[in-house]
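Everything below concerns the one structure shown next.
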Amino acid sequence: MTTSPAAAASIPPTDTPRLTIDGDRLWASLMELATIGAYRDAETGLIGVDRQSLTDADAAGRRLLVRWMREAGLEVTVDEMGTIFGRREGSDPTLAPVLAGSHIDSVGTAGAFDGCLGVLGALEVVRSLDDRGITTRRPLVIVAWTEEEGVRFGTDMLGSAVAAGRIALADALDLTDVEGHRFGDELARIGFDGSRPVRLTPPHAYLECHIEQGPVLLRGGHAVGIVTGVQAISWQKVTLHGRAAHAGTTPTELRIDAGLAAAQIVVKVREMVDSGRYGRLRATVGRINTFPGLPSVVPDRAELTVDLRNPDGDRMAAAEKDLAEFLETLPQWQPGLRVVTERMAKTHPVPFDPRIRDLVADVATDLGHEPLALMSGAGHDAQEMAPITPTGMVFVRGQYDGISHNPREYSTPEDCAAGITVLANALLRLTEEPSGA
Ligand SMILES: [Zn+2]
C-alpha cells in the first residue's frame, strides 16, 4: 500500500476556514474495500476488482461500508432498491440535507476507484468533521447507490434512477441477469432489501466526486476538474445485409459487399466529426463483425455499433438525423443492400446546476487548484439527481490516460486527497446554507 501526506498539506494558508482531510485514512479505506472482490487479471497479472451488483462480493463490500458508517456515528438506512444512506445530523434537523456519494458496485474488470472514491471520500469528510468537532447546520447524508454500472441487470444508474422517479420500482425489481436471477430476489438474498421508501425527498443539493475515466485532466496537468454536465449518448446497432459471393470469381460490379458498406459508415462518422458541423461530436464504431468472416468470401452481412456523444442536444439530433439519411443512401452505391438499425441507448445531455458548479470551482480555486471545467463523457448517478436537486460533480485525475473499468485504473493518493478536500469544503459551504438558499 502506498501512503502519502494529504494533498491539503501543500495548500497555501488564507483566512478562509478550511476543512482538511486525512489522505492516508482515505487511501487505506479505498485499498481495504478493493480487497473485496479482488482477483488477479490473467493478461496483465494486476489485481483487479469484480464486485458486481448484488453478488456475494457486493454484499461483503456493503457490510464493510455499513460498519464504517456506523463507526462514524451515522444513522444508516437502506431503501427498497438496496441503496445505502448514512445520515450525520445537523444543528437544524428540519433543513433539507446535503447528499454526497456515488457507488461501490463495479464492472467485472474494475480498479479500486470508480465510484468508491465518491462514497469513501464522503465518509472521509464525515470522519474529518468528527475529528474537528464540527456540527454543520444542515444534515449531511452519504449515499452508496445500487447497481450504478448496469453490467449485471442491464440498466445503469439503476438505484439513483428509481430514487429520482425516472424508473418504476416494480420494473427495477423485475429485471433479471443473464442467468435469470431476479433483481428483487437477489436483493433479498444478500439482505439489503431495505424498507426506506425509495422515492427520494429532494435534498438541498447533491455532490459526487468521481475519477475522470479519461485523459483530459492528466494531459492538461490538473489534479481536479469541475464537471459542467453529462453529455448526450446515442448507441445504435447497424446491420447490413448484402450477398455472399466468391472472392475470386464474382465480378466487382455484381457484388453486394456488406463489409464495404460497414467501412463507408466508419469513414462517414469520422467525416461528420471532422466537418465541425456538429459541435463537439464524438463518434466511435467500437464493434464491427462481418459474416461469414472468411478470407475468400464477400461478406453477406456486417454488424456494427455506432456510439455518438455530444454535449449539445440539438447538434446531437442533427448528427443522428444526418447519419440516418446517409444510411438510407448506402443502397445507391450497392443496389440490393439492406440496412437495419436498432436503438441500443439514448440519453439527453444533463447540464449541472451553474450555482453549484461555481461554488465548487470557487472552493477549488481557493484551495490552490486551477480547476478545469469539463463535460463528463460517461454516465453517473449525478445525472439522475440533477432533475430533482441542484447537482454538481468533482472529477479526479486518472493515470495511464485515465483508463478505467480495467485493473490498471489508478489515481494517486495525492490526487484522491485533493479531490476529496474540494468535496469536503464544498459540502461545508452547502451544509451551512440557510433555509431558502
Ligand atoms: Zn462510476
Comparing Leu207, Leu330, Leu423 in a Gaussian network model of the chain (Cα, 10 Å), the one with the largest mean-square fluctuation is Leu330
Per residue, accessible area of the chain with a 1.4 Å probe, heavy atoms of protein chains only, in Å², comes to 42
Rh (Kirkwood, all Cα-Cα pairs) for segment 233-347, Å, reads 14.6
For Thr44, the net charge from surrounding residues (Cβ-Cβ under 15 Å; K, R +1; D, E -1) works out to -2
Dividing the surface of the Cα convex hull of segment 118-227 by four yields a projected area in nm² of 9.7
Residues whose modelled amide H sits under 5 Å from the amide H of Thr391, counting only those 5 or more places away in sequence or on another chain, are Tyr206, Asp353
Counting only DSSP loop positions in segment 337-431, the chymotrypsin sites (Phe, Trp or Tyr not before Pro) whose Cβ has at most 14 other Cβ atoms within 10 Å are none
Taking placed amide H atoms and a strict 5 Å upper bound, the residues 5 or more places from Thr136 or on another chain that come that close are Ser91
Expected max-MSF residue from Gly368, Gly419, Gly276 in the GNM of the chain (alpha carbon, under 10 Å) is Gly276
Cα-based Rg then Dmax for segment 285-437, in Å, read 22.3, 73
Using alpha-carbon coordinates alone, the radius of gyration and Dmax of the chain in Å work out to 23.9, 83
quick note, the chain, DSSP beta bridge pairs, % antiparallel (nearest 5) is 70
Measure of exposure for Thr341: accessible area at 1.4 Å probe, Å² rounded to 10, is 70
Length gained if Thr305 through Arg199 is fully extended, taking 0.36 nm per residue and subtracting the Cα-Cα distance, is 34.7 nm
Sorted list, accessible surface of protein heavy atoms, 1.4 Å probe, largest first, for Thr109, Thr329 is Thr109, Thr329
Of every hundred units of 1.4 Å-probe accessible area on the chain, the number belonging to carbon and sulfur atoms, as a percent, is 51
Once all protein chains are kept in place, Ser102 shows an accessible area at probe 1.4 Å, nearest 10 Å², of 0
When all Cα-Cα pair distances of segment 173-243 are considered, the percent exceeding 14 Å is 80
GNM on the chain, Cα springs under 10 Å; top mean-square fluctuation among Ile104, Ile167, Ile403 goes to Ile167
The helix 56-71 Cα axis meets the longest alpha-carbon principal axis of the chain at an angle in degrees, between 0 and 90 and rounded to 10, of 20
Taking 0.36 nm per residue of separation between Val266 and Thr77 and subtracting their Cα-Cα distance, the length gained on full extension comes to 63.2 nm
Using eta = 1.306 mPa s and T = 10 °C, Stokes-Einstein with Kirkwood Rh from Cα pairs puts D for segment 201-272, in µm² s⁻¹, at 89
Taking a label point 7 Å from the Cα of His181 along Cα-to-Cβ, the residues of segment 38-80 whose backbone nitrogen sits under 16 Å from it are 38, 50-63
Along the dipole axis of the chain (charges at Cβ: +1 for Lys and Arg, -1 for Asp and Glu; origin at the Cα centre), the most positive-end residue among Cys416, Val298, Ala28 is Val298
Residues whose built amide H sits under 5 Å from the amide H of Tyr39, excluding neighbours closer than 5 in sequence, are Gly48, Val49, Asp50
Scoring the chain by relative contact order with C-alpha pairs under 8 Å, at least six apart, yields a percentage of 23
Computed Rg/Rh for segment 243-296 (Cα atoms; Rh = Kirkwood radius) stands at 1.13
By accessible area (1.4 Å), largest first, Phe113, Phe326 order as Phe326, Phe113
Note on segment 233-347: contact order normalised by length, alpha-carbon pairs under 8 Å, 6 or more apart, percent, works out to 43
Checking segment 308-349 for trypsin sites (Lys or Arg not before Pro) in a loop per DSSP with at most 15 other beta-carbon atoms within 10 Å yields none
For segment 233-347, whose charge dipole is built from +1 on Lys and Arg Cβ atoms and -1 on Asp and Glu Cβ atoms, the candidate among Val339, Pro311, His246 with its Cα farthest towards the positive end is Pro311
Computed over segment 378-437, the relative contact order (Cα-Cα under 8 Å, seq sep at least six) in percent reads 23
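The values are calculated or read from the model by the stated rules, or taken from the named source; none is laboratory data. Here the structure is a predicted model, which is why all the values come from computation and not from measurement. Please note: Cβ atoms are built from the backbone with ideal geometry, for glycine as well, and neighbour counts cover all protein chains shown. Ligands, DNA and RNA are stripped out before the accessible areas are found, and what is left, the full protein with its side chains, is counted by its heavy atoms. Shrake-Rupley method; radii C 1.70, N 1.55, O 1.52, S 1.80 Å.
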